[in-house]
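The values are calculated or read from the model by the stated rules, or taken from the named source; none is laboratory data. Only a predicted model underlies this, so the values are computations on that prediction, with no experimental measurement involved. All Cβ positions, glycine included, derive from the backbone under ideal geometry; neighbour counts span all protein chains shown.
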Amino acid sequence: MVSAGCAFTPYQHKMKDLSRPMSDQELTSKGGIIIEDGVWLGMGAKVMDGVRIGQGAVIGANAVVTKDIPPYSIAVGVPADVIRKREAIQ
């Protein structure tokens, strides 16, 4: 599930050449974005390049995902950190 306002950023701009505007700088990427089955991205979540979000994970509203999130984890914040794992109902 992808809530309103989410964004996926598959690349970044390099910024070392001070003689060129940012928009003219070379692009770089850490790789594709992989979102496994059953993931829920909260409103406004941002997912950066090279990230895998594991099956059944929940990403909190406005979180910025900059690293892999394990399956069935709940991650929040900027940058997103895992705060706990989802648990099965017994």
Exercise. Take region 40-59 and flag every residue that is farther than 23 Å from SER29 by Cβ, small (Gly, Ala, Ser) and surrounded by fewer than 19 Cβ atoms within 10 Å (Cβ to Cβ).
Key: GLY56
Quiz item: Quick check: is even one residue across region 13-20 modelled with pLDDT under 95 and hydrophobic (A, V, I, L, M, F, W, C)?
Solution: yes
Quiz item: Considering only region 1-57, how many residues are of a type outside the set (D, E, K, R), farther than 21 Å from GLY77 by Cβ, in a loop (DSSP other than H, G, I, E, B) and out of contact with any Gly (no Cβ under 9 Å at 6 or more places or on another chain)?
Solution: 6
Quiz item: Is it true that some residue in region 74-90 is among the small types (Gly, Ala, Ser) and crowded, with 16+ Cβ neighbours inside 10 Å?
Solution: yes
Quiz item: Restricting the first residue to region 36-50 and requiring it to be aromatic (Phe, Trp, Tyr), which pairs with a second residue that is assigned to a loop (DSSP other than H, G, I, E, B) meet a Cβ separation below 7 Å and a spacing of at least six or different chains?
Solution: TRP40/MET1
Practice problem: Collect the residues in region 63-75 that are part of a loop (DSSP other than H, G, I, E, B) and either β-branched (Val, Ile, Thr) or out of contact with any strand residue (DSSP E or B) (no Cβ under 8 Å at 6 or more places or on another chain) (or both), keeping them in residue-number order. | Solution: THR66, LYS67, PRO71
